[in-house]
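**Q** Just passing along the structure, written as structure tokens.
The values are calculated or read from the model by the stated rules, or taken from the named source; none is laboratory data. Because the structure is predicted, anything quoted here is derived from the model rather than measured. Note that we place each Cβ from the backbone using ideal geometry, even for glycine, and neighbour counts take in every protein chain shown. The accessibility values were calculated without ligands, DNA or RNA, using every heavy atom of the protein model including side chains. Shrake-Rupley method; radii C 1.70, N 1.55, O 1.52, S 1.80 Å.
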Amino acid sequence: MAVKQPPTITKQSVKDHIVDPRDSAVVECEAKGNPMPVFSWRRNGKFFNPGRDPRVSMRRRSGTLDIAFYSGLDPEDYEGEYQCFATNDFGSAVSNKILLRVSKSPVWPKEFLEPVAVNQGLPLVLPCDPPPSVPPPHIFWMNSSMMPIVEDRRLTVGLNGDLYFSSITVNDTRTTYSCNARFAQTIQQKSPYTIKVLTTRLVAESVPSFLPTPTITWSKKVGDLPRRKLRLENFNKTLRITSMSDDNAGDYICTASNRMGATSHTITIRVQATPYWANKPENLVLTSEDNGKLICRANGIPKPTIQWLVNGEPVDSVPPNPRRQVAGDTLILRSVQIGDSAVYQCNASNEHGYLLANAFISIQEAAPRMLGPRNQLVKVMENNRTFLYCPFFGSPLPELRWFKDGQIVGRDGGHYKAYTNGTLEVRHARLDDQGTYTCVANNRLGKAENQARLEVKEPTRITRPPEHLRAIRGSTARFECRAKHDPTLPITVTWKRNGRLLVLGWRLQKEDDFLAISSVRREDEGNYTCTVRTELDRASASARLVVLDRPDPPTDLELSDPTERSIRITWTPGNDNHSPTKEYLVQYEEDYWEPGRWKNLSSYPGNLNSVILPLSPFINYQFRVYAINAIGWSKPSRPSQRYQTSGAAPDAVPGNIRGVGTWKTRMEIRWEPLEDTQRNGPHLRYIVWWRRRDSREEWKNITTYWLRHIIYDTDTFTPYEIKVQAVNDFGLGPESNVVIGYSGEDRPIAAPTNLRVSKTDSTKATVHWTPVPSKTIMGLLKEYKVYYWRESSQLKWLSVSREKKSKGFNVTGPQPWGVLTGLVPYSNYKMHMVVANSRYEGPASSTVEFQTKEGVPAPPRFFRIQQRHMDTLYLDWDRPAEPNGILTGYTLKYQVVNGTRGGRTQLDFPPNTTYYSMNRPDRYTRYRFSLAARTQVGVGEAAVEDSPLFTNEAYTREQVDIATQGWFIGVMCAIALLVVILLIVCFIKKSRGGKYPVRDKKDLPLDPVDQKDQDGSFDYRDEDNKPLQGSQMSLDGMVKMQESDDSLVDYGEGGDGQFNEDGSFIGQYAGRKDRDENEGNVGSEATSPVSPLYSLA
């Protein structure tokens, strides 16, 4: 059952309601109440019936008016003051008086304006004076180019729309000035003004009193300016004060001053205010014999007048009520009765406006009733505040109490607080606050109750927030965000960058507690915020991602301070992208020698952006700069302008000058060229100087563009003094230092003598010889070279390679010697020696034989371990490829490798033993064996093998080795023989002849075309209609049968037939029954040349 209630206005139009005449007008009035209110209107204080005007309609269940403005209707006819009344059984509520006006766009009358003549330097005001309109127009000024006038200290637009010139200048005549007004529907323009400036001498004398343009300042006559509320606009020409109060009243002084003087103007401000509420009357619900009062207080300047109305009528004009008393701004009711329900209006007004408020007094008697939903569930985070709502109604006003677990809460304070409207506040909710709460409302007419359940949840918090990251562009950045939350509340994790939600994709992926950003880019930089939300709370944490990248290239390259050999270059550093620039590299390019190729010039520390570059003469330079940080190199800057240096003589000498003998009577002088930056001028060439050393010859020279010069007809291996000098069109360069070169060498004419070996061991031999005279070398001694080879082994049965080897000894002195290394022990060697210069080797010495001593053997050729049985290992080996002496035996060592028992065991074998077998204690024990051969010198290098595992490894090795065993080969041969015998027997049975009844029909030859189906099978469906092809006798007397399609049942004694591989019947036989009479009679059994063999079978 709904509660009875007087009407209340819920929505209404503004007091000054301006509408567009091109649209329909809507005057709003909405109200609520029980029963539903009925709406009525007054226009200009008189009753207005919308039903009588076809252009006006009132909306259903509403008081809103729709006024249709269409052709033939003057919208101004509906202007006026409208007031809405909402009435039901308990009274009438009243809206504000709504002044409806139609916006207007008046026509600006055309007028001709004479040019305005004014002396230069004098002030000027151009009036605008737009026609009045509703609403007032917006004013702006434009020049002859239809561009807005730009305001400055000298020129401004006043609040009334006029254009003010502080002083006129000649430049003001260059355009016209037109005032424009933007009305509700149109923009209109006033005829433009033209300014004519007068510049007579008399006027010029008065100019200083107006120029220069004055500066505006503000002050207050009494007290200080309200700085917090004050705002200066329009170059200090406008002072705006916001939130006016009584303290802002007073005299304000505007002072204009320049260097010629000052003037001031006083503006007096008086503060007036429309009414505003101090205490707005509120609705009252009373029961019989209750007392009540409505208070209506409003402030304003001047003080508002309070008027009380009841149901829209002045209190003074309605019948008196002895229980009602008006005392100024208070309306008092005593001992009210059921019929005293009404809606009261309070009107507070002064000369600037009015306020109207509705407040009803409802006299009711009702038992308590709960108005809200029953059995609410309220969730709250621990230590947070929450409210349990229990809206109720009753008259007289019920007393409401809250209970939890049978105990009253909210009465004694604490962290509970009960409000009169039925709400219970729980401050700092704790886990023990969780439970069911009951609200109970009582009055003398009855009782009502409701329940609410409170659940206290664990707050969400981020236990591992994201940390600030510095990531290199192209790498992967990972932010971690781990949170703890109440397990009964689902969470949602979102990420934002710089406050904007991230859109996840292939590069930005959320992985459990991480945000992964792959292939980091510069635009990924920013603040990343992780937000963990539940339905009750949320927790956030932020971290910053800094993207490290190569620096941006330098810009604005500028060349300055040029000299012959240097120039200053200055640049603007680019962004270092969070990695400081460590170095700048300056490169250059020249357009003559290698155009388009950039070369490094010099590098400089990263804190410099202006350096002096060293330059070379006669080069047209262009420069660019790289910035380098820890991440890498920037892109190159844009090239600078070109700079051409002047030419000069060379200041460098050619490098690596040398004289080389190319033939015994020639010498070639060579050198390296100057670099392009060392040429210093055009037509670079070289002057080559030479003469015999230790002679009195004059220097000989030649000038060449080449990088070598050949001298002919020289003596063999003769020293020469050489120097080279560079020269260009600007002059001679410095001479090089003198270099000694030699002419060509010839073949040595003598061989070393007395070649001998003084000391040998198993792998080394010491060689001695007598050197040749230096004159016989015919050149520069390079080395004495020994050629040696292994002639044979001292073991007669061992064949060896006679590959010849050599070794050079670069030694001098009267008794030279050298050591040959890497020899094979226990071998016979031969050798001879030659002397060599840089080009040739001389004749060989006599051949010398020597022997190496016995050494330790090489490892065995092979060493195998086989497992022929589960408990036996078989070892075999072969002797070493290089015994290096006379073998005295073999040493075998082994130990367990997959257990702890036993140590190392050693066995010695004589030299003629090459196998050994041993028993395993169990099949899972593994051994490691090492086998080495021995000579008298010692034990050689060992071969190491592990025994096989008792797995497929062992059986695989056994299967590989079994193929080489005799017994296995014999078994295979026997099986092969049996297979051959079986094949012979089958062939004999197949070739067997005889008579077979086939058909009573006459045989006809088969078509040559194969009658099989395409899938390879035979077709037996029409076998009686298919002709058969007769058999033919082979040359060796055996019967050769053709393929037949006949079924096996058509033949007698059919059992020896043959099948194809797929199981289909072939049907070949030695003979057929009932042959044609023309063919003659055939014996019942064909003769076969292998009959005896068949009989044996």
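**Q** Across every pair of different alpha-carbon atoms, what Kirkwood hydrodynamic radius in Å does region 658-742 reach? Numbers along the way, then the final one.
**A** Working: mean 1/r = 0.0743 Å⁻¹.
One over the average 1/r among Cα pairs gives 13.5 Å for region 658-742.
**Q** Which lysines, on any chain, are close to K104 with Cα under 25 Å apart, when same-chain ones fewer than 8 places away are left out?
**A** K15, K190
**Q** Same structure, new question: Share of region 684-732's accessible area from carbon and sulfur, percent, 1.4 Å? List each step's numbers first, then the result.
**A** Working: 1420 of 3040 Å².
Carbon and sulfur together cover 47 percent of it.
**Q** With a probe of 1.4 Å, find how much accessible area the chain has per residue, and write the answer as a whole number in Å². Walk me through the numbers before you get to the answer.
**A** On the way: 62100 Å² over 1097 residues.
I get 57 Å² per residue for the chain.
**Q** Taking a cut-off of 18 Å between Cα atoms, list the lysines near K582, but don't count ones fewer than 8 places away on the same chain.
**A** Filter leaves K635.
**Q** If I take all pairs of Cα atoms in region 461-548, what percentage of them are more than 21 Å from each other? Present the calculation step by step, with values, prior to reporting the outcome.
**A** Working: 987 of 3828 pairs.
More than 21 Å apart: 26 percent of the Cα pairs in region 461-548.
**Q** Shifting gears a bit: Working out 0.36 nm times the residue gap between N527 and I710, then minus their Cα-Cα distance, what length gain in nm do you get to one decimal? Numbers along the way, then the final one.
**A** On the way: separation 183, 0.36 × 183 = 65.88 nm, distance 7.51 nm.
Gain on stretching N527 to I710: 58.4 nm.
**Q** Computed from the mean reciprocal separation of all distinct C-alpha pairs, what Kirkwood hydrodynamic radius does region 555-645 have, in Å?
**A** Hydrodynamic radius (Kirkwood, Cα pairs) of region 555-645 is 13.4 Å.
**Q** While we're looking at this one, here's another question. Give the Rg/Rh ratio for region 273-364, taking Rg as the radius of gyration of the Cα atoms and Rh as the Kirkwood radius, to two decimals. Intermediate values should be presented prior to the final figure.
**A** Details: Rg = 13.4 Å, Rh = 13.4 Å.
In region 273-364, Rg relative to Rh is 1.00.
**Q** Helix 952-962 versus the longest principal axis of the chain: what angle, 0 to 90°, nearest 10, using Cα atoms?
**A** It is inclined by approximately 20 degrees.
**Q** If I histogram all Cα-Cα distances within region 5-102 using bins 10 Å wide from 0, what percent of pairs lands in each bin?
**A** Result returned by the calculation: 17, 49, 27, 6, 0.
**Q** For region 461-548, which whole-number percentage of the solvent-accessible area (1.4 Å probe, protein heavy atoms only) is attributable to carbon and sulfur atoms? Spell out each step's value before the answer.
**A** On the way: 2410 of 5140 Å².
Ligands and nucleic acids excluded, carbon and sulfur give 47 percent.
**Q** Same structure, new question: Using helices alone, what [θ] at 222 nm do you get for the chain, with -39,500 (n - 2.57) per DSSP H run of 4 or more residues, divided over all residues and rounded to the nearest 500? Walk me through the numbers before you get to the answer.
**A** Details: 4 runs with 48 residues, N = 1097.
About -1500 deg cm²/dmol.
**Q** Could you compute the FRET efficiency for V222 and I295, with r as their C-beta to C-beta distance and R0 at 45 Å, rounded to 0.05? Can you show the working numbers first?
**A** Working: r = 37 Å, r/R0 = 0.83.
The calculated FRET efficiency here is 0.75.
**Q** At a 10 angstrom cut-off on C-beta neighbours, averaged per residue, how do the peptides 3-16, 563-576 rank from highest to lowest?
**A** Details: 3-16: 18.0, 563-576: 16.1.
Peptide ranking by packing, descending: 3-16, 563-576.
**Q** Moving on to the next point. How long, wide and thick is region 107-202, going by the Cα atoms along their three principal axes, in whole angstroms, largest first?
**A** Computed over the Cα atoms, the extents are 49, 28, 22 Å.
**Q** A follow-up question, please. Take the Cα gyration tensor of region 376-457, multiply each eigenvalue by 5, square-root it, and list the three semi-axes largest first, rounded to whole angstrom. Mind showing how you got there, number by number?
**A** Numbers: eigenvalues 109, 27, 22 Å².
After scaling each eigenvalue by five and taking roots: 23, 12, 11 Å.
**Q** Which Cys in the chain stand alone, with every other cysteine's Cβ at 4.7 Å or more from theirs?
**A** C254, C973, C986 - these cysteines have no disulfide-compatible partner (Cβ-Cβ under 4.7 Å) in the chain.
**Q** Please compute, for the alpha-carbon atoms of region 87-246, the extent along each of the three principal axes and give them in descending order in Å.
**A** 87, 49, 23
**Q** May I pose another question? What is the mean projected area of the alpha carbon convex hull for the chain, to one decimal in square nanometres? Kindly include the intermediate steps, with their values, before the conclusion.
**A** Working: hull surface 470.1 nm².
Average projection, Cα convex hull of the chain: 117.5 nm².
**Q** I'd like the distance between the alpha-carbon centres of region 343-372 and region 379-422, rounded to an integer number of Å.
**A** Region 343-372 and region 379-422 have Cα centres separated by 27 Å.
**Q** Further question on the same structure: Below 25 Å, Cα to Cα, which lysines can K220 reach? Residues fewer than 8 away in the same chain don't count.
**A** K229, K237
**Q** Sort S845, S243 by heavy-atom solvent-accessible area, probe 1.4 angstrom, most to least.
**A** Numbers: S845 15, S243 90 Å².
So the residues, ranked largest to smallest area, are S243, S845.
**Q** A further question follows. Please report the antiparallel percentage of the DSSP beta bridges confined to the chain, to the nearest 5.
**A** Given both bridge residues lie in the chain, the antiparallel proportion sits at roughly 95 percent.
**Q** Quick one: angle between helix 966-990 and the longest Cα principal axis of the chain, in degrees between 0 and 90, rounded to 10, please.
**A** Taking Cα atoms only, the helix is inclined about 90 degrees.
**Q** Enumerate lysine pairs in region 730-855 that are 8 or more residues apart or on different chains, then count those whose Cα atoms are under 12 Å apart. All intermediate terms of the calculation are to be shown ahead of the outcome.
**A** On the way: K759/K853; K764/K853; K785/K805; K785/K807; K804/K830; K805/K830.
Step by step, the pairs that qualify in region 730-855 add up to 6.
**Q** Another one. Could you work out how far apart the two model spin labels at A278 and R926 are, taking each label as a point 7 Å from the Cα in the direction of the beta carbon, and quote it in nm?
**A** 10.5 nm
**Q** For region 203-271, what is the largest minus smallest coordinate of the Cα atoms on each principal axis, given in angstrom and ordered from greatest to least?
**A** Projected onto the principal axes, the Cα atoms of region 203-271 cover 47, 20, 16 Å.
**Q** May I ask you to derive the FRET efficiency for V125 and E455 from their Cβ-Cβ distance with R0 = 51 Å, giving the value to the nearest 0.05? Before the final figure, lay out each step's value.
**A** Details: r = 74 Å, r/R0 = 1.45.
Rounded to the nearest 0.05, the efficiency is 0.10.
**Q** For N754 and K804, FRET efficiency with R0 = 25 Å and r from the beta-carbon atoms, rounded to 0.05?
**A** Computed FRET efficiency for K804 and N754 comes out at 0.65.
**Q** To continue, here is another question. Using a 10 Å cut-off on Cβ atoms, rank the peptides 801-811, 630-640 from the highest mean neighbour count down. Write out the running numbers ahead of the final one.
**A** On the way: 801-811: 12.0, 630-640: 16.5.
Those peptides, ordered most packed to least, come out 630-640, 801-811.
**Q** Heavy atoms only, probe 1.4 Å: what % of the accessible area of region 273-364 goes to carbon and sulfur, would you let me know? Numbers along the way, then the final one.
**A** Values: 2150 of 4430 Å².
In region 273-364, the share of accessible area belonging to carbon and sulfur is 49 percent.
**Q** Return an integer: the convex hull volume of the alpha-carbon atoms of region 753-852, in Å³ per residue. Walk me through the numbers before you get to the answer.
**A** On the way: hull volume 9.0 nm³, N = 100.
Measuring per residue, one finds 90 Å³ for the Cα hull of region 753-852.
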